[in-house]
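What follows is one structure encoded as C-alpha cells, with my remarks underneath.
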Amino acid sequence: MAEDLLVDPEALRTQVRGKYREVAVDPGASFHFHTGRDLARRLGYDAAAVGTLPDRAVESFAGVGNPFSLRPLAPGEKVVDVGSGAGFDSFIAARQVGPTGQVVGIDMTPEMLAKSRRNAEELGFAHVSFRDGLAEAIPVEDGWADVVISNGVINLCADKRAAFAEVHRVLRPGGVLQFADIANGRPVPLEALRDIDLWTG
C-alpha cells in the first residue's frame, strides 16, 4: 500500500464489490443506504425520465445525489459514467445526449456490469456501452469525453488523486465533470480514517 493512502486499495475494492454485488443481485434487500425509484425521487431526478425506465434499470440505483441537477447534458455529447453500477445514470444520460451522443459506463463489479449490459440491450440503447474498469484507471482514451459523471463513487476510492487525474485525462480540453458525492466537513480521527469498515458502512 502506498505510504500516503489510508487504506489498502485492493482490500477496499473487495469490500465495495461485495456490497454492490448484493445490490445487483438482491436490490430489494435491506442496506444502510436507500436504493431504487424512491431514492431517485428523493434526489430530485426528473420523474418522467425515471418513469420511462423499467424496474430492472432502476432497482439497483444507489447514488447519493443527482449529477444532472448541475446542468442537463447536450445532444451529441460523449459521456463517461464512472462507477456506473446497473446503468441508471448512464440511461438518464443516454436519453439526454440522444442517439448522436455516446455513453460509456465504467464499473468494477461483474454482477453490476452484467445487469447494465442486459438493461442497455433491452432498452435498445446502441449508443451506450459498459466496460470493466476502475475509477483510478478508466479504460477510455485520452481526451475522449465531453462530460464525466459520477455518483457516490469517488468517496469509495482509496486514491482520490488518481481518480481525479484519470477524470482529467479522459476529458477533452474544456470538458465538464458533474459528480455527486459525500463529504465530511468535520475532522475525523486517524484511527477511524484507517478503519476500512467505515469506508463502506
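The values are calculated or read from the model by the stated rules, or taken from the named source; none is laboratory data. These numbers come from a predicted model, not from an experiment. In this analysis, Cβ positions are derived from the backbone assuming ideal geometry, glycine residues included, and neighbour counts consider all displayed protein chains. When the accessible area is computed, the model is the full protein with side chains, heavy atoms only, and any ligands, DNA or RNA have been set aside. Shrake-Rupley method; radii C 1.70, N 1.55, O 1.52, S 1.80 Å.
Quick notes on this one:
- In the stretch 151-201, the residues that are closer than 26 Å to residue 40 by Cα, open to solvent by 40 Å² or more (accessible area, probe 1.4 Å), part of a loop (DSSP other than H, G, I, E, B) and at pLDDT 85 or above: 181, 182
- Leading residue by the ranking (least open to solvent (accessible area, probe 1.4 Å)) among those in the stretch 1-56 that are of a type in the set (Asp, Glu) and free of Cβ contacts under 8 Å to residues at least 60 places away in the same chain: 38
- For the stretch 84-99, the count of residues that are surrounded by fewer than 19 Cβ atoms within 10 Å (Cβ to Cβ), over 17 Å from the mean Cα position of the chain (by Cα) and not in a helix (DSSP H, G or I) is at least one.
- Residue match in the stretch 105-123 (condition: assigned to a loop (DSSP other than H, G, I, E, B), modelled with pLDDT of 95 or more and out of contact with any Gly (no Cβ under 8 Å at 6 or more places or on another chain)): no
- Residues in the stretch 27-60 that are of a type outside the set (S, T, N, Q), out of contact with any Asp or Glu (no Cβ under 8 Å at 6 or more places or on another chain) and not in a helix (DSSP H, G or I): 32, 33, 34, 43, 44, 45, 46, 53, 59.
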